Amino acid sequence: MPTSTPIPAQARFPVSGMSCQACAASVEGLLRSVEGIRDAEVSFGSRSAAVTLEGEGPDESRVRSVLAKAGYGLPEGAFGGRAVAADVAYSEREEARAQRANLAAVGVAAGSGLALLAAHMLAAPAWLGPVVAAPAVFIAGRGILTSGWKAARRRAPDMNTLVGLGALTAWTAGAFGVVAPAVFGAAGGHVHAAVMILAFVLFGRWLEGRARARASDAVRALLDLAPPTARILVRGEETIVPLADVRVGQLVLVRPGERIPVDGAVMDGRTSVDESMLTGESAPAERGPGDRVHAGTMNGLGALAIQATGIGADSALGRITEAVHRAQGSRAPVQRLADRVSAVFVPIVLAIAVASFVAWLVFTGDLQAAIAHGVSALVIACPCALGLATPTAVMVGTGRGASEGILVRGAAALERLAGVDTFAFDKTGTLTAGRPELASVELTADGPAGGDGDEDALLARVAAVERSSEQPLAHGIVQAAKARGLTVPAATDFEADPGSGVRARVLHRSMWVGSPRAAGERGHPPRAIEALIGPIARRGETPVLVEEDGRLVAALGLYDAPRPGSLEALAALRELGLATLVLSGDHESAVRRLARELGIDDARARQLPEEKGEVLRALRSSGRRVAMVGDGINDAPALTAADVGIAMGGGADVALEAADCALLTDDLARLPVLVRLARRTMRTIRQNLAWAFLYNIIGLPFAAGVFEPGLGLSIRPSWAAAAMAASSVCVVLNSLRLRWVRLV
């Protein structure tokens, strides 16, 4: 039966049963063969699949059947938009099951190995060797043999095919060695190789699984931040309910020292909240009535009553967890070469093993040596290291970013960010605190209409217009009126023109407040505009013009101080070799003043939102690789136009959605940390890929016996298997170093 859950355009779900990159390629092919799936991308590192659906979507039972026949599995409701927690729980259960199976198989193989050693020491009959080794091959190695056979039958041989064929060949040679030792060599050497191949491979997979679990624990750590229950107030009574039962609008009570379970607004109580686990900010934040708090943060010594606005997946924590989960399953462009190699890797290894066997048999006539080199070539090859090189580093890097208060939406963003050479910034709310203050007022010679030339009266009318605006400059004007104790009248017919100005009627007067550029577009003479804003511009303040009943009557000068820490953050970016640029819609004088104070290389003022995007596209066309940092709605086009868009944590939701990365706090000091993280992650990926390629390039000819005739160097099949297992573990361990690397 098809699933009854509504089908989304895309689906992401975990896949169990994969043991190498060739498995991931097989799963991709199988998924693409199912009607209703347009495309599929499978990550071996995160053991997950992302599929693009078409039409009604696939019949889930059909997908499950196709994958099951090949030895792979997926959770129930995979195409119904499962929650991250459900996917993580499924992956953890399957990983734990695989780890138990691997450890049990290692025990069986080790038992066979010890029995073989005892038989050798007691000079037991030769026929006992294959018998004692049989449990290792056919019980411990059953999963490898079965999976390898299924893959070979699909004409998509994988790592299991190579290992299974190598172990089975060695055991068979040992069995024939019992009856024809002169031809096949002593049985003991062959069966010992078969047992050790499986023991090393299975133990290596167990070690890899443990290391990989540590690489992917960032999502589990985020999920564990949300408590499973919440204390709500119902008809005056406190009731503890599962978190899933809490509804938006309900009053949630949080006691001192408890973790906050939902996003919401504080209705009663004051406290300090430790948000470090969510934002990376170590200093506790003071919260009181009207302030917002977030799920997963730790309450201090005060008791809070919170009106719930976001629960579970709809909370900030839920959205961050979803983003990290998706990022960890994404594929970086640098992985493409490894994917192309992996697609032909196993057939090439099979060909090398056969060529080695034939060459040694033809040129030396030594069947025992031919079998040993052929088996060594089969088991030393390691496509797993190629498959793990990128995703494990991405998993650890994005997880480390989350712990530092940095959200990276995908592996491609990390790769692009590592190559950025220029940082462009919005001004207001990004480089500045976004809290402009009224610094001066310049009135025209004849003053406002109606004989009311009083500065305070005019400011009150302007504040009446700006009270309905969300712009930071408007907030500064309103705050100035409040600070002077002015009575702000009511405004009607309010209209806003983003990037230009606002208008309304106040006390029967038609008021307009906006930028000098917009004033020129409204027909006011440039000479009059420049005369009015000249003193403000010379002070480096931002001018705002006031029009009353069609006449320019005043200019207000506002100053927005640089954000604390911005000077140090920009200096750190320059130390990393990055050029800096500010793109602002503000007046040129204010932008130049800020650029001087912060040491910015290039400052461009009076930029409309679409013009910012054009500047960034021009920079990219000239060969620059640009990151754009912004926080507002009007920054979304620029964030999209840059190579990498970075949104400030306090910014508008549309800016956060348009960005490739987000700083979860309004702290520019996170930017150098983000750049270093991206560079270290890409360096780790390159190290992993270099190791994986170098290992296979050297290991395969070494195992095939290329260096034995001239240099006398060779490797036994059992040690070839040990080297193969170790190569995958080395890649994962190298990626894990990102968890502790210094980023400040």
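Quick one: count up the residues across the stretch 167-176 that are open to solvent by less than 40 Å² (accessible area, probe 1.4 Å) and either modelled with pLDDT under 90 or touching a His at 6+ places or on another chain (Cβ under 9 Å) (or both). Before the answer, list the steps.
Taking the stretch 167-176 and keeping what is open to solvent by less than 40 Å² (accessible area, probe 1.4 Å), we get 167, 170, 173-175.
Now restrict to residues that are either modelled with pLDDT under 90 or touching a His at 6+ places or on another chain (Cβ under 9 Å) (or both): 170, 173-175.
The number of residues fulfilling the criteria is 4.
For the stretch 701-716, what are the residues that are at negative phi and open to solvent by 20 Å² or more (accessible area, probe 1.4 Å)? Before you say what the answer is, go through the steps one by one.
Residues of the stretch 701-716 that are at negative phi, as a first pass: 701-704, 706-711, 713-716.
The answer is P701, F702, V706, F707, E708, P709, G710, L711, L713, S714, I715, R716.
Check the stretch 248-263 and report whether any residue there is surrounded by 20 or more Cβ atoms within 10 Å (Cβ to Cβ), in contact (Cβ under 8 Å) with a residue 60 or more places away in the chain and of a type in the set (V, I, T).
First, the residues of the stretch 248-263 that are surrounded by 20 or more Cβ atoms within 10 Å (Cβ to Cβ): 252, 254, 260-263.
In the following step, the residues that additionally are in contact (Cβ under 8 Å) with a residue 60 or more places away in the chain were identified as none.
No, the stretch 248-263 contains no residue that is surrounded by 20 or more Cβ atoms within 10 Å (Cβ to Cβ), in contact (Cβ under 8 Å) with a residue 60 or more places away in the chain and of a type in the set (V, I, T).
In the stretch 665-672, is there at least one residue being buried (at least 24 other Cβ atoms within 10 Å of the Cβ) and at pLDDT below 85? Spell out the reasoning first.
Taking the stretch 665-672 first, the residues buried (at least 24 other Cβ atoms within 10 Å of the Cβ) are 668, 670-671.
Now narrow it down to the ones that are at pLDDT below 85: none.
No; the residues of the stretch 665-672 include none that is buried (at least 24 other Cβ atoms within 10 Å of the Cβ) and at pLDDT below 85.
Looking at A211, A230, A221, A244, which is the one that is under 30 Å from G401 (Cα atoms), assigned to a strand (DSSP E or B) and of a type outside the set (D, E, K, R)?
On the way: A211 fails: assigned to a strand (DSSP E or B); A221 fails: assigned to a strand (DSSP E or B); A244 fails: assigned to a strand (DSSP E or B).
The match here is A230.
Give me a count of the residues in the stretch 19-46 that are of a type in the set (K, R) and over 16 Å from R64 (Cα atoms).
Looking only at the stretch 19-46, we keep the residues that are of a type in the set (K, R), and these are 32, 38.
From what's left, over 16 Å from R64 (Cα atoms): 38.
Matching residues across the stretch 19-46 total 1.
The rows are residues; the columns are (1) touching a His at 6+ places or on another chain (Cβ under 6 Å); (2) of a type in the set (A, V, I, L, M); (3) part of a helix (DSSP H, G or I).
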site	(1), (2), (3)
V591	no, yes, yes
R596	no, no, yes
A603	no, yes, no
E610	no, no, yes
V615	no, yes, yes
L619	no, yes, yes
G623	no, no, no
A627	no, yes, no
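Residue-wise test of (1) open to solvent by less than 30 Å² (accessible area, probe 1.4 Å); (2) touching a Lys or Arg at 6+ places or on another chain (Cβ under 9 Å); (3) at pLDDT 90 or above.
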residue: G540; (1), (2), (3): yes, yes, no
residue: L545; (1), (2), (3): yes, no, yes
residue: P564; (1), (2), (3): no, no, no
residue: L567; (1), (2), (3): no, no, yes
residue: E575; (1), (2), (3): no, no, yes
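Kindly indicate the residue of the stretch 18-59 that is within 21 Å of L145 (Cα to Cα) and modelled with pLDDT of 90 or more and also most open to solvent (accessible area, probe 1.4 Å) among those meeting that condition.
The extreme case among them is L30.
Being hydroxyl-bearing (S, T, Y) and part of a strand (DSSP E or B), is that true of even one residue in the stretch 84-93?
Kept after step one, since they are hydroxyl-bearing (S, T, Y), are these residues of the stretch 84-93: 90-91.
Subsequent filtering for residues that are part of a strand (DSSP E or B) retains none.
Within the stretch 84-93, none of the residues are hydroxyl-bearing (S, T, Y) and part of a strand (DSSP E or B).
Which condition does E530 not pass, out of (1) part of a helix (DSSP H, G or I); (2) in contact with a strand residue (DSSP E or B) (Cβ under 6 Å, 6 or more places away or on another chain), if it passes all the others?
(2)
Considering only residues that are under 16 Å from L67 (Cα atoms), open to solvent by less than 10 Å² (accessible area, probe 1.4 Å) and of a type in the set (G, A, S), which ones fall in the stretch 147-166? First the steps, then the outcome.
Initially, the stretch 147-166 is screened for residues under 16 Å from L67 (Cα atoms), giving 147-158.
Add one more test, that the residue is open to solvent by less than 10 Å² (accessible area, probe 1.4 Å), and what stays is 148, 151, 158.
Once the filter is applied, which keeps residues that are under 16 Å from L67 (Cα atoms), open to solvent by less than 10 Å² (accessible area, probe 1.4 Å) and of a type in the set (G, A, S), the stretch 147-166 yields G148, A151.
Counting only residues that are touching a residue at least 24 places away in the same chain (Cβ under 8 Å) and farther than 21 Å from L114 by Cα, which one in the stretch 177-204 is surrounded by the fewest Cβ atoms within 10 Å (Cβ to Cβ)? Give the derivation first.
If we filter the stretch 177-204 for residues that are touching a residue at least 24 places away in the same chain (Cβ under 8 Å), which is where we start, we get 177-178, 181, 183-204.
After this cut, where a residue has to be farther than 21 Å from L114 by Cα as well, the list is 181, 183-185.
Values: P181: 14, V183: 11, F184: 20, G185: 20.
Ranking the qualifying residues of the stretch 177-204, first place goes to V183.
Which of the numbered conditions does R522 fail, given that it passes all the others? Conditions: (1) open to solvent by 40 Å² or more (accessible area, probe 1.4 Å); (2) at pLDDT below 90; (3) within 30 Å of L668 (Cβ to Cβ).
(3)
The values are calculated or read from the model by the stated rules, or taken from the named source; none is laboratory data. Please read these numbers as outputs of a predicted model, since none were measured by experiment. Counting neighbours? That spans all protein chains shown, and the Cβs are built from the backbone with ideal geometry, glycine included. The area values use the complete protein model at the heavy-atom level, side chains included, leaving out ligands, DNA and RNA. Shrake-Rupley method; radii C 1.70, N 1.55, O 1.52, S 1.80 Å.
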